[in-house]
Amino acid sequence: MSLIEVKNLGFTYGVGTPFEKKAVDNLSLSINEGEVVGLIGHTGSGKSTFAQMLNGLIKPTEGQVLIDGTDIWAKPKEIRKIRFKVGMVFQYPEYQLFDETVYKDISFGPRNKGLSENEINKTVRKAAEFVSLDDSLLEKSPFDLSGGEKRRAAIAGVIAMDPDVLVLDEPTAGLDPKGRDVLLAQIMGYHRERKNTIILISHSMEDVARIADRIMVMNRGRLEMIDTPKVVFSRVERLRSMGLRVPQITRIMTELKQKGYEFSDGILTVDQAFDEIVGLLKKEGKL
C-alpha cells in the first residue's frame, strides 16, 4: 500500500531572479508503508530538497506530495501536523539540539503533540532506549554530550514524535566505521519494531545497499531510477556517468568474477561476499 505519492513534483529556487535554478524536476513515484528506501545522488542532485518537500519544510513550485492519499498542502494552515507524520533528521542532527537538558530536548515533539506528562515520560525513555542513550544522560545538557551521544539524542527527539515516515539525511556523516555500523543497526532495530517507512539519504553506497528495499537515484533534479539494490548497482556504467559508484565489495567481487571465479551476480555486502568465497573454497575442497 502506498503511503507516499509524489506527482510531477518540482521546485525552483529564486523564481524570477538571475539565480533561478530548478532543484527538483517533474519527479513522480510511490513509496510503500513499511518500506526502507535509500536515496542517492551526487551533491546538488536535489536529494535534500526533495526530502524537505515530503514534510512541508519546502512548498513545491509544481506538483503534489500526498501522504495517505491527501495533498499535504491542501490545508496550508495545518502543514505543521504533517511534520508529526513525517519526521526529518537533518545532516549533522546534533545541530538540532537546543534545550537545557537531553530529556527536555527529546520531549519537545511529544509535548507539542499534546501528550500527558506520563505519556511524554514513557515516550522519551522509549526513544532514548531505541538509540541506546543511557538514562543517566537525560538530565545532562545536550552540549555536554560526546559527538556520538549528541547525534543519538537528536535522532531520539525525532523518533519520540512517533512519525509514520522517518527521513534521515546523511545520519552517519562524519562517524567512524564502528559508529556508523552501530547507528544503522539502531535505526533498523527501530524500524523492525515500529514498522514505519524510512527514507535514508546517503553518500555511502554500502549503507544503502545493506538496509534498503529499494534505491532512488537522483541526477540533476530528476529521478533517474528506482529499483532494488541488486538492480540499481548492476548498472555500473550508468551510475558512473552520474558521478556515483557501486559498493566497494560489489566492485571487488565483480572484478574477481571477470577473472574467472564463479561468484554470483549482485553481491552487495561483505557478509554476502564471505559466504560466496567460503562456498567456492568448499566446492574446490580447500576448506
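The values are calculated or read from the model by the stated rules, or taken from the named source; none is laboratory data. As the structure is a prediction and not an experimental result, all values here were calculated from the model. Positions of Cβ are backbone-derived with ideal geometry, glycine not excepted, and every protein chain shown enters the neighbour counts.
The table that follows gives values for the structure above.
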{"read-out": "Looking only at region 30-48, and only at residues there that are surrounded by fewer than 22 Cβ atoms within 10 Å (Cβ to Cβ) and on the phi > 0 side of the Ramachandran plot, the one that is modelled with the lowest pLDDT", "value": "Gly44"}
{"read-out": "Helices (runs of 4 or more DSSP H) contained in region 210-287 and holding at least 3 residues small (Gly, Ala, Ser)", "value": "none"}
{"read-out": "Odd one out for Thr70 among (1) modelled with pLDDT under 90; (2) hydroxyl-bearing (Ser, Thr, Tyr); (3) under 28 Å from Leu29 (Cβ atoms)", "value": "(1)"}
{"read-out": "Scope region 85-118; condition over 30 Å from Asp176 (Cα atoms) and in contact with a helix residue (DSSP H, G or I) (Cβ under 7 Å, 6 or more places away or on another chain); matching residues", "value": "Pro110, Arg111, Lys113, Leu115"}
{"read-out": "Some residue of region 161-174 being small (Gly, Ala, Ser), touching a residue at least 12 places away in the same chain (Cβ under 8 Å) and surrounded by fewer than 20 Cβ atoms within 10 Å (Cβ to Cβ)", "value": "yes"}
{"read-out": "Residue satisfying all of: in region 126-157; buried (at least 23 other Cβ atoms within 10 Å of the Cβ) and in contact (Cβ under 8 Å) with a residue 60 or more places away in the chain; farthest from Gln91 (Cα to Cα) among these", "value": "Gly157"}
{"read-out": "Number of the condition not met by Ala273 [criteria: (1) under 30 Å from Phe50 (Cα atoms); (2) in contact (Cβ under 8 Å) with a residue 24 or more places away in the chain]", "value": "(1)"}
{"read-out": "Hits in region 88-102 - residues which are among the polar types (S, T, N, Q) and buried (at least 18 other Cβ atoms within 10 Å of the Cβ)", "value": "Gln96"}
{"read-out": "Residue check, Ala51 touching a residue at least 12 places away in the same chain (Cβ under 8 Å) and either out of contact with any helix residue (DSSP H, G or I) (no Cβ under 9 Å at 6 or more places or on another chain) or crowded, with 20+ Cβ neighbours inside 10 Å (or both)", "value": "yes"}
{"read-out": "Count of region 227-259 residues which are surrounded by fewer than 19 Cβ atoms within 10 Å (Cβ to Cβ), under 19 Å from Asp213 (Cβ atoms) and of a type outside the set (Ser, Thr, Tyr)", "value": "4"}
